[in-house]
Amino acid sequence: MMDALGAPQSLAVLGGTSEIGLAVADRLVRGRCERVGLAGRDAAELEIAADRLVKAGAYDVRTHLFEATDTADHDRLVDALFADGDVDVVLVAFGVLGDQAAMSADPDQAVALAQVNYTATVSLGLRVATALRRQGHGSLVFLSSVAAERGRAANFVYGSSKAGVDTFAQGLGDSLQGTGVHVLVVRPGFVRTRMTAGLPEAPFATTADAVAEAVVDALARRREVVWVPGVLRAVMSGVRHLPRPVFRRLPT
Amino acid sequence: MSSGEPGGQALLTGWGAATATSARLLRVRTQDDVLRALTAAPGRGAIPRGLGRSYGDPALNAGGTVLDMTLMDRVLGLDEGTGRLTVEAGASMDALVRAVLPLGWFVPVTPGTRQVTVGGAIATDVHGKNHHRAGSFGAHVTGMRLALPDGTVRVVSPELDRDLHWATIGGMGLTGVVLDATVQLQRVPSAWMSVSTERAGDLDTLLAALQRADRQTYSVAWVDLMAGGSVSGRGVVTSAEHAQPEALPTAVAERRWSLPEPARIGVPLWTPAGLLNRASLRAFNEAWFRRAPVRRDGEVVPLGKFFHPLDGVRDWNRLYGARGLVQHQCVVPDEPTLREVLRLIRISRVPSFLAVLKRFGPADPGPLSFPRPGWTLAFDVAASAASLGGLLDDLDEVVAAAGGSIYLAKDSRLRPQLLPALYPRLDHWRAVRERVDPHRVLTSDLARRLSL
C-alpha cells in the first residue's frame, strides 16, 4: 500500500533495464519499497538490475521476460506482475529513440518504433489499468517527452509516438478518476542515458537520477504531470506558441 | 429478511485524508447482512467501518468490501440500576451520551471526539483523559457478539473465549465484526465538569504539573512543540472532575443534565494550501498559551467542551488542505525518552499544533491495545510538511528502542518491520486471528500495509 506520505511498498517496471526505470526503483527501494517486479527482454541484464536493487535494499525482486511488440503475450505478463500481491506503482519505462534519418529512409523502422513506443504502451497501459482498478489503488506512470510537445524535423517519429503516449495517458488518468488509481505523465527533456549516447545535448539536459527524483516526488504529491527539469514547463509553454517559421529555426 | 443496500464502489479515506482507495461500500442493517457480506466476500475481503475517524487506513479495504456499520445503531438494553448498556456496534458515542446522560450515566471512557462508533472504539481500544485512572474503553466492555468469517456468531467476554475477546479489543476490526457490545457505564453527578487549568512556562514545570494532575480523574496537557529556548516544552495542563450539583453556579443549576450542542462551525470544502504553515501555527500556539490562565480552579464547563473541543468545528481535518494530515501518537515508558521525542520534533522544525500530552495508567490485556504505562504524545502535521517522513521514522525508532508503542488508529506510515517491537504480543494476536479467520477474509489497507 502507498502510505500517507506517498511512499509505495511495491513497484513494477516495464522496461526493467531502462536507466530511468532503474533510477526510480533505486530511490523507492531505499524508502518503503520492498517488492519489485522487473519486466524486460534481456534476461542477463534483468538479473544484473535485480542484483543492484537487492543491494540497494529491496527484499524481493522478480524478473519477467516480455517483448513489447508481442501484445498477445501482455495478459500473461500483467497477471505475472500482480501474482505476488498488490503493486502500488507501475512504471512504463520502455521505449526507443530511433534514428530519424534511417526511419525516413526505411519506414519499416518507423513502424517498429511506433509499435514499441505507442502500441505496446497502449496495450500494457490498458491492461495494467484494469489490474489496478481491481485492486482499488495504485499509480501508473508513463514516460512522455518534451519531444511530444511539437513535431520537429529532427525526431518527429519518436516525438509523435510520445505525443500518442502523452495523450493516451492523460485521457486514461481522467477515465480512472474516483477509482483510487492515479496516472502520472512524466515529460523529461534531454536525458543523458545510453539511449541518447553520442547525440548532441539539447538545452536543459538532465539525468536519469534527476528524472527519478522528480517521479518519486510527483508520486508522493499525486501529481498528474511532471516536467524534468521543472523549468521546462515554462519553457515549453513558450515554445508551444512560437510561430512555425521561428520554431523551425530553433537549434536542436 | 432484509439485505444490505446494493454495494456501490466508493472512494474512501481516513480522517487524515492523505490516501484514498476504492472499495465496494455495503450499508449493513442486520446481523444477517454482516454474515452474508463476510461469507460472500470476494478475494479482497471485507472490513467494518464506523464514522471514519481513524486517521489512516484501518477502515479502508482497496478493491474489497467495506461494511458501513452506522445503520446498526440501536440501543438494545440499559439496566438503569447497574449502568450495563448493550448497544449495536454502529451507535456513535454522541448518540450514547444523548441517550444515557439524562439518566445520570456517562460513557466510561471517551476519546477527543464523540463522533466514533462503539465498534470503532473497541477495534482501536480508545482511551480518554481518564486513562491513568480508568484504563481504556476495552476495560469496560463486559461482552460482545462477533460475526466471524465462517458465518457464525460468537459471544465473547473476559470469561468466555478470553483470547478472542482481548484480541478484538484493539484488534483493528480484523478478528470479527462486532455486532453489539455490553459496556459498563459510569454514574455522573451532572453534565458539567469542574476544570482546573495551569499554565506551565517550560517542560520541567509542565511534566511536574501533569504528574500532580494524576490525582484528578481526568487530566491532559497541551504542549507547544514549536517554542524553543527557555520556553521550550511550555504548555497548559487541564484536569477535571465531574461537577457535583451543589458546585454548579445558579445560572446553570437548572440545566444540570444539558446535552452537548451540535457543531456550529464548519470548514469550507476547499481551503488554501499552506494555511497551516510555520508562521501561522507559531502565532496560534502563542495565542493559545497566552489565553490560558496562569492558574484557575473550579471552572464549571459543559462536559462536551472539556472532552470534545474539536466537535465544535465540523470537518476540521480539511484545514490541512488537499494532501491531508498525518497524526503521530506514541507512548513511551519514561521521561528521558519523552524528552528525546520532544527534542527531535522541535529541531525538525516541522510545523505542528494540537500536540497533546497525557499520562497513561496500566495496560489492558489486549495484545494490540495501544495504551501502556508512561507518557503519550499525539500531534498533527500536514502530510506535505518537508522532511516529515524522516522525522516520524526517527521517532518510531526511539519509541521502539525504549519499549514504547505507536497507536495504529492514528498511523498511516509506520515501517512494518517495527511492529513486533512496538507490539511484543503480536504473535499471540496473530494466532487468534489465524484461528478465527484462516483465510484472511477480514482485511484492510492497514493490515496490508503493515503485514499484520
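Since every read-out is calculated from the coordinates, none of them should be taken as a lab result. Just so we're clear, the structure is a prediction, and the values are computed from it rather than from any experiment. Quick reminder, even Gly has a Cβ in these numbers, built from the backbone with ideal geometry, and neighbours come from all protein chains shown.
Results, tabulated for the structure shown:
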quantity: Options B:S54, B:V141, B:S444, ranked by Cα towards positive dipole end of the protein assembly as shown, top entry (Cβ charges); calculated: B:S54
quantity: Cα lying deepest toward the dipole's positive end in the protein assembly as shown, options A:G40, B:P416, A:V215, charges on Cβ; calculated: A:V215
quantity: Virtual spin-label span in nm between B:R187 and A:D217, 7 Å along Cα→Cβ; calculated: 6.4 nm
quantity: Pairwise FRET efficiency - B:E261 versus B:V155, Cβ, R0 = 41 Å, nearest 0.05; calculated: 0.60
quantity: Cubic angstrom per residue, convex hull over Cα atoms of chain B; calculated: 137 Å³
quantity: Residue of A:A72, A:A120, A:A12 that the Gaussian network model of chain A assigns the largest fluctuation, springs spanning Cα pairs under 10 Å; calculated: A:A72
quantity: Dimensionless Rg over Rh [the protein assembly as shown; C-alpha; Kirkwood]; calculated: 1.03
quantity: Radius 11 Å from Cβ of B:V294, net charge of other residues (Lys, Arg +1; Asp, Glu -1); calculated: +3
quantity: Chain A, relative contact order [Cα under 8 Å, separation at least 6], %; calculated: 18 percent
quantity: Sequence-distant lysines (8 or more away, or on other chains) whose Cα lies within less than 25 Å of B:K358; calculated: B:K129, B:K305, B:K410
quantity: Theoretical FRET efficiency, 1/(1+(r/R0)^6), r = Cβ-Cβ of B:D427 and A:R150, R0 60 Å, to 0.05; calculated: 0.50
quantity: Whole-number percent relative contact order across the stretch B:51-103, with pairs defined as alpha carbons under 8 Å at least 6 apart; calculated: 28 percent
quantity: Spherically averaged projected area in nm², based on the convex hull that wraps the Cα atoms of the stretch B:345-422; calculated: 5.4 nm²
quantity: Environment charge of B:L452, counting only residues whose C-beta is closer than 14 Å and scoring Lys/Arg +1, Asp/Glu -1; calculated: +1
quantity: Neighbour-count ranking [beta-carbon atoms within 10 angstrom, fewest first] of A:R187, B:R435; calculated: B:R435, A:R187
quantity: B:A283 versus B:R295: modelled label distance in nm, points set 7 Å from Cα along the beta carbon direction; calculated: 3.3 nm
quantity: The stretch B:295-323 and the stretch B:196-240: distance between their alpha carbon centers, rounded to Å; calculated: 18 Å
quantity: Helix runs (DSSP H) in chain A reaching 27 Å along axis by Cα, Kyte-Doolittle at least -1.0; calculated: A:156-175
quantity: Descending semi-axes in Å of the stretch A:145-245, equivalent ellipsoid built from Cα gyration tensor; calculated: 24, 17, 13
quantity: Whole-number D in µm²/s for the stretch B:144-229 (Stokes-Einstein; Kirkwood sum over Cα pairs; 4 °C, 1.567 mPa s); calculated: 75 µm²/s
quantity: Long-range Cα-Cα pairs in the stretch A:10-248 (distance over 32 Å), rounded percent; calculated: 15 percent
quantity: Computed [θ] at 222 nm, deg cm²/dmol, the protein assembly as shown (DSSP H ≥ 4; -39,500 (n - 2.57); rounded to nearest 500); calculated: -9000 deg cm²/dmol
quantity: Efficiency of FRET between B:R74 and B:A401 - r from beta-carbon atoms, R0 51 angstrom, step 0.05; calculated: 0.65
quantity: Neighbour net charge for B:A382 - beta-carbon separation under 11 angstrom, K R +1, D E -1; calculated: +1
quantity: Pairwise label distance in nanometres, B:V252 with A:T130, each label 7 Å out on the Cα-Cβ vector; calculated: 6.3 nm
quantity: Rg/Rg_globular for the stretch B:190-336, with Rg_globular taken as 2.2 N^0.38 Å and Rg from C-alpha atoms; calculated: 1.19
quantity: Amide N proximity, the stretch A:153-181 versus A:R244 label position 7 Å along Cα-to-Cβ, cut-off under 16 Å; calculated: A:153-154, A:156
quantity: Normalised contact order of chain B, rounded percent, pairs of Cα under 8 Å and 6 or more residues apart; calculated: 18 percent
quantity: Amide H contacts under 5 Å for B:T65, placed H, 5+ residues apart; calculated: B:R24, B:G45, B:A46, B:I47
quantity: The protein assembly as shown - share of DSSP beta bridges that are antiparallel (%, nearest 5); calculated: 60 percent
quantity: Distance-filtered residues of the stretch B:195-216 - backbone nitrogen under 12 Å, label point 7 angstrom along B:E241 Cα→Cβ; calculated: B:195-196, B:215-216
quantity: Net charge dipole size for chain B [Lys, Arg +1 and Asp, Glu -1 on Cβ; Debye, nearest 20]; calculated: 760 debye
quantity: Listed residue (A:V111, A:F94, A:A68) projecting farthest to the positive dipole end of the stretch A:32-130, Cβ model; calculated: A:F94
